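The structure under discussion appears below in the form of structure tokens.
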Amino acid sequence: MSTELFFKPVTELAGLLEAKTVSAVELTKAVIARTKAVDARVKAFNSYDEADALAQAEASDTRRAAGQARGLLDGIPVGFKDVISVAGQPLTASSRMLANFVSPYDATVTRKLKDAGAISWGRLNLDEFAMGSSTENSAFQATCNPWDLSRVPGGSSGGSAAALAAGEAIATLGSDTGGSIRQPAALCGVVGLKPTYGLVSRYGLIAFASSLDQIGPFARTVDDAALLLEAIAGHDPLDSTSVNRPVPRYSEEMHRIRREKKVFRLGIPKEYFGEGLDPEVGAAVEKAIGFYKSQGCEIREVSLPHTEYGVGVYYIIATAECSSNLARYDGIRYGHRSKEAKDVVDLYFKSRAEGFGAEVKRRIILGTYVLSSGYYDAFYLRAQKVRTLIRQDFLNAYKDVDAILTPTSPTPAFRAGDKSDPLAMYLCDVYTIGVNLAGLPGISVPCGFSSGGLPIGLQLIGQPFKEAELLAIADLYEGGHDWQRRHPKL
Ligand code: GLN
């Protein structure tokens, strides 16, 4: 049976488009029809603009007919997490605060994808302002996991992961502050890549925690993730944290490394295999380790001794930064403005009280507290010091290994409503947070299914700016398995 168009990877669709077996309009129509058929159940999209997507597809077909196709992404519908600006389209961050906001300009990643010919397709649900691990914190709707609709897709980029898994886009973008690309990728059975801090511009991304946020791709295959990364990466004068260094053609580079170097040294951090790890996830990851061994890779135990402080450090630094970033939502220049206010101070209070949801408020309060005088040294400053130690742990480990291998999430997708205690939710991020604190690249690739049929993800953590090698290691695994060819029945 041939796979439906909407389940095919970019690399295959690019061939069909190139051969004119399929047009961009046909492909886009297939994705739109699929979205209309399943999204009432999956609830991945906050909004989409069918006419706009079809107009972009027509333009792509016209380019191609004139011999001016722009590359492998030309004509490919890509979905955007609803924190990434697409000019003229809504941008809500899944918050009441921005329910009626329209992007005045394109994010740099959006512009780059458009320049590559990709079709911007819809805005995908998330936990409000990217705060959460289940997409239940959205002010509008809770996204469902396409593999089991009673379960969460992970978060905060749950819409981006679920839409891709359900065939409602060919690839998507998300943002990852503490795991928000990799964890939902794991829970929905797709590939999710968080690039090195500074590799991808955040201009036009709604800021959550600026020393941690990175934009990255969700894709069906490692090869597709490489293609998307090379389209969005690179220096941007509009984001002062974006690094000025040449961007390799990741896909070609990855294949070159695969040809030349077949043996990788992989580190297994013992701290990531302890208490709280679901036995089925542990077993799937052990099997993946076995696979790498069978390919001649060297497996070494490594230690990341400060791992246990990761969640605590993250929830101090991320909340401190968010309390500052979210101060701009005051009801004056844009966003929700209360109609009940008596005076300007009351306007700030009421607009924020009405516009923000419970989790966002919790974090602003916590973040303000850890930055306040008398507590700054005890919490924020200390957390920054431990953050340095966490980064040092990784850099020490990289003296002996090329990459580090761990589970992505301690459990497969949990049931909606199961983690009403915020602390239980925060613990979903134990294996992903260190990567953000250390500014490293990390990828989650599907590595099996639980006995209940839920996807399991394997996390590979690379060295700074060595995405090509990280992708090669992930590709080696993917090439020996066919998890990516399974799709949920909807
Ligand atoms: N789940 C983490 C949090 O709630 C990470 C979110 C993210 O990466 N945006 O903060």
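As a length-normalised measure over Cα pairs under 8 Å and 6 or more apart, the relative contact order of the chain settles at 17 percent.
A 18 angstrom limit on the alpha carbon distance is what I want to check against. Which of Lys194/Lys262; Lys262/Lys293; Lys261/Lys466; Lys36/Lys489; Lys8/Lys489; Lys350/Lys419 exceed it? From the list (Lys194/Lys262; Lys262/Lys293; Lys261/Lys466; Lys36/Lys489; Lys8/Lys489; Lys350/Lys419), the Cα-Cα distance tops 18 Å for Lys194/Lys262; Lys350/Lys419. All distinct Cα pairs of the range 153-237 go into the 1/r average, and the inverse of that average, the Kirkwood radius, is 12.5 Å. Distance distribution note for the chain: the fraction of Cα pairs above 30 angstrom is 41%. Eigen-decomposition of the gyration tensor built on the alpha-carbon atoms of the range 263-396 gives equivalent ellipsoid semi-axes of 44, 19, 12 angstrom, largest listed first. Within the chain, the longest segment free of exposed loop sites, counting chymotrypsin sites (Phe, Trp or Tyr not before Pro) that fall outside DSSP classes H, G, I, E and B and have at most 14 other Cβ atoms within 10 Å, spans 106-374. Neighbours of Glu136 by Cβ distance under 13 Å: Lys/Arg scored +1, Asp/Glu scored -1, total -1. Just to confirm a number: summing +1 for Lys and Arg and -1 for Asp and Glu over residues other than Thr432 whose beta-carbon lies under 11 angstrom from that of Thr432, what do you get? That works out to 0.
Antiparallel as a % of all DSSP beta bridges within the chain, to the nearest 5? Of those bridges, close to 65 percent are antiparallel. Here the chain is assigned +1 on the Cβ of each Lys and Arg and -1 on the Cβ of each Asp and Glu. Its dipole about the Cα centre then comes out at about 240 debye. Once backbone amide H atoms are built at 1.01 Å from N, His235 has Arg245 as its partners under 5 Å, excluding neighbours fewer than 5 places away on the same chain. Karplus-derived 3J(HN,Hα) values for the range 385-400, using 6.51 cos²θ - 1.76 cosθ + 1.60 with θ = phi - 60°, are 5, 5, 4, 4, 5, 5, 4, 4, 3, 5, 5, 4, 4, 6, 5, 10 Hz; glycine and proline are entered as x.
Under the rule a/c < 1.5 gives rounded, and otherwise a/b versus b/c splits prolate from oblate, where does the range 1-128 land using the Cα gyration tensor? Judged from the Cα gyration tensor, the range 1-128 comes out oblate (a/c at least 1.5, b/c at or above a/b).
Secondary-structure-derived ellipticity at 222 nm for the chain, considering helices only, amounts to -12000 deg cm²/dmol, per-run term -39500 (n - 2.57) for DSSP H runs with n ≥ 4.
Rule-based calculations on the coordinates, nothing more; no lab input. On a predicted model such as this, the values are computed, not experimentally measured, just so you know. Cβ coordinates were reconstructed from backbone atoms using ideal geometry, including for glycine residues, and neighbour counts include every protein chain displayed.
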